[in-house]
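Quick note: the coordinates plus some simple rules give every number you see, no bench work behind them. Because the structure is predicted, anything quoted here is derived from the model rather than measured. With ideal geometry, Cβ positions are generated from the backbone for all residues, glycine too; neighbour counts draw on all protein chains shown.
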Amino acid sequence: MNLEITHANNFFKVKGALDRHNIHVFKKQFRNVFESANVITVSIEHLTSIDRYGVSAIAQLHNEALVKNKRLSIIGLGHSSLYSHFKTEEAAA
């Protein structure tokens, strides 16, 4: 399944597979997103699969939010690999 990202205001819906084949679409969509918004929400409810490249891209977005002192909310029942990554980051902090 292809990756589809839709948005309204500062709410983004990510649908499909987020993997190394379409990671460029994700990165392009979120490039400079914090230049125009202080708060964004990303829904991963309809994410069907994610690989390590997808997890890394979401982690990079998270890190960018922290560096720029912006608020990023990731909502939805995503895949365990994504939650495991952020849980490990939290434990290390």
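Filtering segment 44-56 down to residues that are surrounded by fewer than 19 Cβ atoms within 10 Å (Cβ to Cβ), in contact with a strand residue (DSSP E or B) (Cβ under 9 Å, 6 or more places away or on another chain) and not acidic (D, E), which residue is farthest from L77 (Cα to Cα)? So that I can check it myself, show each step before the final result.
Initially, segment 44-56 is screened for residues surrounded by fewer than 19 Cβ atoms within 10 Å (Cβ to Cβ), giving 45-46, 48-49, 51-53, 56.
From what's left, in contact with a strand residue (DSSP E or B) (Cβ under 9 Å, 6 or more places away or on another chain): 45-46, 48-49, 51, 53.
Filter once more, so that each one left must be not acidic (D, E): 46, 48-49, 53.
Values: H46: 8, T48: 10, S49: 12, Y53: 19 Å.
Among those that are surrounded by fewer than 19 Cβ atoms within 10 Å (Cβ to Cβ), in contact with a strand residue (DSSP E or B) (Cβ under 9 Å, 6 or more places away or on another chain) and not acidic (D, E), it is Y53.
Here is a list: A37, A17, A8, A57. Which entry is among the small types (G, A, S) and touching a Ser or Thr at 6+ places or on another chain (Cβ under 7 Å)?
Numbers: A37 fails: touching a Ser or Thr at 6+ places or on another chain (Cβ under 7 Å); A8 fails: touching a Ser or Thr at 6+ places or on another chain (Cβ under 7 Å); A57 fails: touching a Ser or Thr at 6+ places or on another chain (Cβ under 7 Å).
From the options A37, A17, A8, A57, the qualifying one is A17.
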Quick one: in segment 31-43, which of the residues that are closer than 14 Å to H7 by Cα and in contact with a strand residue (DSSP E or B) (Cβ under 8 Å, 6 or more places away or on another chain) is surrounded by the fewest Cβ atoms within 10 Å (Cβ to Cβ)?
-> V39
